Amino acid sequence: MLGKLRQFLLITYYFPPAPMGYAQRVAKLCKYLPKETHWVPTVVCGALPEYILPGFDKVLLQEIPQCVQVIHVGSFLASRLADWLRKWRIYAPVAAWRRLTMVPDPYGDWARRAVAIAEERFPGGKGLECILASGPPNSVYLVGLKLAERWRLPLIIDMRDPWERSSLGRPPLTHWHRQKIKAMEEAVYARASVIIANTEGNAADLRRIYPQWADKVIVVPNGFDPDDLNPEYGPQLRKPGEPPDTVHFLYLGGIRGVVRGRLFEGDFLQAVSDYLSRYPNERSRLRIHFVGGTAAEVSPIASSFGLEDICRAYGVVPSNAVGRPLAEADVYVLLLPPNPGTDRGWVPSKLYYYLAGGHPIYAVIHEGTAYDLLQGARVPVEFASPGNRHDALDALIRVIQYVRKKGIFAQGIPAYAMHFDRREIARQLAIVLDRVCRQGAAR
């Protein structure tokens, strides 16, 4: 901890013990800001019971230092009533009604409660120097906007995903909804002192769409936490007695399954199925590991491609249990995001761990920021075009041949890694907080 402590309000929805993909960025900020800088957040977040999450990451929760106060705020989506409605199969009409009446997303009731509880905890914003709102969902930014206006404090928007990405799966229903949501977005950007994008591609899009606020847009990327990369922790992928040249594939993260008729794991699994049809003797020398996906999720998908015997699922694991899988895998699998139309600025957090792991990557993605980052990486990458069966098979053959030719089976994590980590990201954010608060004081 450096210098006199300074307090700010961090507004987010997903927070530990919500698992990696949901809460990683804000959790690591809370972990490293007090260690590396003089900033300490107080967190207002969602109250998320286990039945609506794929699992709890208690290790991630334990990393939050005691100096960080956390205020959990409930909402309808995470209520027992919603769970009861789902069990009785009468949730759909309620969800449709909420979609019609709540903008910009179904978290409107959470946003109202978060504002009220924050005001109760910090009357007039007393003791706080600024507000950081980190989404999605987009309602998080509206909480920050309302509090910043009432408290006359600087507002920083941290966009882990672009505003429009979270609405593509459920586009606005009417012209009124579209106009209302657009007005909300513009109000947030107009009031914000800084708009943080997590990739250069997303930042470029924001500057192009909103040139009047281009000077507010900066990039603070994601990264990896070196503490999570211990090769002695996590599921053990390699088993005694398997052929010594067995190629182990690792898919890190949750299973997306079928979204709007498309099976997102299908490009990769179809390529494996095609490969085994061409080379049936290879079956005993291939293994696919899903760290983050449960057996209940993986089994029906793997079975649909006839691959259940070579697929292994380990469920949600703690954030510090990815080191061994990254070290023992031969190839990391990166697949198209759920909303391919917004792929240009997409960089999933798992990609930074893949790059830190240092082994070859099999990427079924469109061109974009992630594509460019991989092209400049030190690790070998084989690209395939989404939806192109022949391309996916050819890329799979190339990556398997590369691993076998190099003989790089389970050699651990290489010495090199990305040039920044989560500690550096915290330091970058502290510089932004310092600058914004100086400018706010000057006004």
Query raised in the report: Any residue in segment 76-96 that is in contact (Cβ under 8 Å) with a residue 40 or more places away in the chain and not acidic (Asp, Glu)?
Result: no
Requested in this report: Working only within segment 72-119, note down all residues that are surrounded by 17 or more Cβ atoms within 10 Å (Cβ to Cβ) and among the β-branched types (Val, Ile, Thr).
Outcome: Val73, Val103, Val115
Query raised in the report: Just a yes or no: is a residue in segment 374-388 within 27 Å of Asp245 (Cα to Cα), among the small types (Gly, Ala, Ser), surrounded by fewer than 22 Cβ atoms within 10 Å (Cβ to Cβ) and more than 19 Å from the chain's Cα centre (by Cα)?
Result: yes
Report task. Would you point out the residue of segment 1-46, among those that are of a type in the set (Lys, Arg) and touching a residue at least 60 places away in the same chain (Cβ under 8 Å), that is surrounded by the fewest Cβ atoms within 10 Å (Cβ to Cβ)? Result -> Lys35
Report task. Could you tell me which numbered condition Leu128 fails, if it satisfies all but one of (1) part of a helix (DSSP H, G or I); (2) of a type outside the set (Phe, Trp, Tyr); (3) in contact with a Leu (Cβ under 7 Å, 6 or more places away or on another chain)? Result -> (1)
Query - Restricting segment 74-109 to residues that are in a loop (DSSP other than H, G, I, E, B) and either more than 25 Å from Ala183 (Cα to Cα) or polar (S, T, N, Q) (or both), the residue that is modelled with the lowest pLDDT - result: Ser79
Query raised in the report: Regarding Glu185, is this residue within 23 Å of Thr101 (Cβ to Cβ) and either touching a helix residue (DSSP H, G or I) at 6+ places or on another chain (Cβ under 9 Å) or assigned by TED's automatic domain parsing to the domain that holds Val436 (or both)?
Result: yes
Report task. Considering (1) in a helix (DSSP H, G or I); (2) modelled with pLDDT under 95, say which one Arg170 fails and leave the rest. Result -> (1)
Report task. Kindly indicate whether any position in segment 44-58 is farther than 24 Å from Gly315 by Cβ, in contact with a helix residue (DSSP H, G or I) (Cβ under 9 Å, 6 or more places away or on another chain) and of a type outside the set (Phe, Trp, Tyr). Result -> yes
Query raised in the report: Would you pick out the residues in segment 297-320 that are hydrophobic (A, V, I, L, M, F, W, C) and either over 12 Å from Gly254 (Cα atoms) or touching a residue at least 60 places away in the same chain (Cβ under 8 Å) (or both)?
Result: Ile301, Ala302, Phe305, Leu307, Ile310, Cys311, Val316, Val317
Query raised in the report: Is there a residue in segment 353-373 that is in contact with a strand residue (DSSP E or B) (Cβ under 8 Å, 6 or more places away or on another chain), modelled with pLDDT under 85 and part of a helix (DSSP H, G or I)?
Result: yes
Query raised in the report: If you take just the strands (runs of 3 or more DSSP E) that sit entirely in segment 187-292, which of them hold at least 1 residues that are modelled with pLDDT of 90 or more and surrounded by 22 or more Cβ atoms within 10 Å (Cβ to Cβ)?
Result: 194-197, 247-252, 286-291
Report task. Six or more apart or on different chains, Cβ under 8 Å: which pairs go from a residue in segment 321-340 that's outside any loop (DSSP other than H, G, I, E, B) to one that's of a type in the set (Lys, Arg) and modelled with pLDDT of 90 or more? Could you list them? Result -> Glu328/Arg238
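The values are calculated or read from the model by the stated rules, or taken from the named source; none is laboratory data. Predicted, not measured: the structure shown is a model, and the values here were computed from it. FYI the Cβ positions are ideal-geometry reconstructions off the backbone, even for glycines, and counts take in every protein chain you see.
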